[in-house]
Structures are given as structure tokens and as C-alpha cells.
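Please read the structure below before turning to the comments.
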Amino acid sequence: MEKYEITELIKDGAGETIGYVLNTGSIIDNEQAVYMIELGELSNVSALSNRRGEEIIKGKGFDINSLPELK
């Protein structure tokens, strides 16, 4: 199974992360990222549930918000 990594963030006008760019150049949304994490396809992130029950993406050993934003 091929492993992918998130390399860039996609943010909306309010600065909220709404998507991710993979090392292959593919673009995915949060729901796809969570699904890929569950399948073990994303190697540098994990998914956690916040207090509202929403799945959030966290970097493994790094702050995911330190990744560059797609321009």
C-alpha cells in the first residue's frame, strides 16, 4: 500500500483549513483525509475528535499549521 503525506494546507477566507495537498499533488478535503488516515494511507498525520465531535487532522511530531498554504 502506498503511503501519502500532506504537504500543504488549503484555507478559506477566514483562515480555516478546508483541504490539503498531498505529496502527489492531489487535493483532498477533511473528510477524505480522515478516511485515508483510517485506511493507513496518510503517514504524517492522525485524526482526533474535538469537543464538538468533529474530526480534526493533527501532524505527527509537528504542528500541521506550520505547513505552507497553497497559493
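Listed values, structure above:
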| item | result |
| --- | --- |
| Cross-chain or 6+ apart pairs with Cβ under 6 Å, the stretch 16-36 first and of a type in the set (D, E, K, R), then at pLDDT 95 or above and surrounded by 13 or more Cβ atoms within 10 Å (Cβ to Cβ) | D29/G19 |
| Total residues in the stretch 6-17, condition surrounded by 12 or more Cβ atoms within 10 Å (Cβ to Cβ) and closer than 16 Å to I56 by Cα | 6 |
| Every residue from the stretch 45-71 that is among the charged types (D, E, K, R), outside any strand (DSSP E or B) and more than 16 Å from Y35 (Cβ to Cβ) | R51, R52, K60, D63, K71 |
| Selection count where residues are under 16 Å from E5 (Cβ atoms) and surrounded by 15 or more Cβ atoms within 10 Å (Cβ to Cβ), scope the stretch 49-58 | 1 |
| Residue list for the stretch 18-48, filter: among the small types (G, A, S) and loosely packed, with under 10 Cβ neighbours inside 10 Å | G25, G40 |
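The values are calculated or read from the model by the stated rules, or taken from the named source; none is laboratory data. What you see is a predicted model, and the numbers here were worked out from it, not measured in a lab. Quick reminder, even Gly has a Cβ in these numbers, built from the backbone with ideal geometry, and neighbours come from all protein chains shown.
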